[in-house]
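Novice: First the structure, which I've put down as structure tokens, then a few questions once you've had a look.
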């Protein structure tokens, strides 16, 4: 997930005797640049919550800073940004971190689970400039874990953004990745894809995937999921096995949902060889409640992709 930023929660709070105000301005300026480039932000540690709920410093009031210390235009821009840029907990974080311990290399009293998650996912962190240790473009952490009864350690380096000037090289890299992704998706066909011979697509989902403006922020994750599905279907004979072999979060629809004609109809899509079919199985490993609906053919060792987009309505969530 190189196209997502991971919030380094360890960079808060600021020291009690400092004023975070100017640093917050720069942090939100970074978020604005990321949002303009359709780069999303995740948390991997701490409690999920609104930006106004974070503890920035013992004596600091975010509400007072926002409403009394900023001019009208600054306040409008930040409030608008806060409604657009959430900081949700990544659904994979807890599983990925597991029982491993991540600490800052220069001070092992500082836990850095978010940086650990970023290191596993190849992501870049974003930090508040609350201390000299976070004002670096590379953060070094130590991973501690047990294996075969032995305590082992690994060292990791994570690219870090704490100033507006840091984000431009990151965005240049993202643009390069997305240009390559556009070519990849433009080359996809319904059948007989060179890179993924076991994956089929219907025409509708190909149109969606080739609309780079709509799916650009998910393209790298889509490619990763396609790779895992292409490999996993060769050794899987059921949905449970496919989920296990690909290490993807895949499930079918509930009987209650499929018992509703309206909702069941929403899950019928065209198929390159079967005309139309029901695509109940769906991959959930995407941010922003995106889903990929698939139809596995275990005997033929093929998987057809029928839909990628927002979570389809269910009985428990009909909207």
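Novice: Computed FRET efficiency, Cβ-Cβ of residue 193 and residue 50, R0 41 Å: what is it to the nearest 0.05? Kindly include the intermediate steps, with their values, before the conclusion.
Specialist: Numbers: r = 42 Å, r/R0 = 1.04.
It comes to 0.45.
Novice: Something else now. Shape of the range 1-83 from its Cα gyration tensor (a ≥ b ≥ c, root eigenvalues): rounded if a/c is under 1.5, otherwise prolate when a/b > b/c, or oblate?
Specialist: Values: a/c = 2.01, a/b = 1.19, b/c = 1.68.
Oblate.
Novice: Quick check: residue separation of residue 22 and residue 59 times 0.36 nm, minus the Cα distance between them. What number comes out in nm?
Specialist: Details: separation 37, 0.36 × 37 = 13.32 nm, distance 1.52 nm.
Taking residue 22 through residue 59 to full extension adds about 11.8 nm, to one decimal.
Novice: Quick one: divide the alpha-carbon radius of gyration of the chain by 2.2 N^0.38 Å and tell me what you get.
Specialist: Against the empirical 2.2 N^0.38 Å value, I get 1.12 for the chain.
Novice: Rg/Rh for the range 260-317 to two decimals, with Rh computed the Kirkwood way over all alpha-carbon pairs.
Specialist: Rounded to two decimals, Rg over Rh is 0.98.
Novice: Fully extended, how many nm does the chain gain between residue 131 and residue 100 (0.36 nm per residue separation, minus their Cα-Cα distance)? Walk me through the intermediate numbers first.
Specialist: Working: separation 31, 0.36 × 31 = 11.16 nm, distance 2.53 nm.
Roughly 8.6 nm would be gained on extension.
Novice: Could I ask something else about it? Once the piece of chain linking residue 214 and residue 186 is laid out straight, how much longer is it, given 0.36 nm per residue of separation minus the C-alpha distance between them? Before the final figure, lay out the partial values.
Specialist: Numbers: separation 28, 0.36 × 28 = 10.08 nm, distance 1.42 nm.
Working it through step by step, the gained length comes to 8.7 nm.
Novice: Could you run the Debye sum over the Cα atoms of the range 187-310, one equal point scatterer each and no solvent, and tell me log10 of I(q)/I(0) at q = 0.20 Å⁻¹, two decimals?
Specialist: -1.21
Novice: How do 164-172, 278-286 rank on mean C-beta neighbours within 10 Å, highest first? Write down the numbers at each step before the final one.
Specialist: Working: 164-172: 15.1, 278-286: 19.8.
Result, highest mean Cβ count within 10 Å first: 278-286, 164-172.
Novice: For each of 138, 97, count neighbouring Cβ atoms within 10 Å of the residue's Cβ, then give the residues from fewest to most.
Specialist: 138, 97
Novice: Right, next: P(r) of the range 142-253 in 5 Å steps, Cα pairs, percent per bin?
Specialist: Distribution as computed: 2, 9, 13, 14, 14, 15, 12, 10, 7, 3, 0 percent.
Novice: Any idea how far the Cα center of the range 190-212 sits from the one of the range 104-128, in Å?
Specialist: The range 190-212 and the range 104-128 have Cα centres separated by 36 Å.
Novice: Apply the Debye scattering formula to the range 4-169, with a single equal point scatterer on each alpha-carbon and no solvent, then give log10 I(q)/I(0) at q = 0.10, 0.18 Å⁻¹.
Specialist: The Debye formula, applied to the Cα set alone, gives -0.38, -1.16.
Every number in this text was worked out from the coordinates using simple rules, so none of it is lab data. From a predicted model like this one, the values you see are computed outputs, not experimental measurements. FYI the Cβ positions are ideal-geometry reconstructions off the backbone, even for glycines, and counts take in every protein chain you see.
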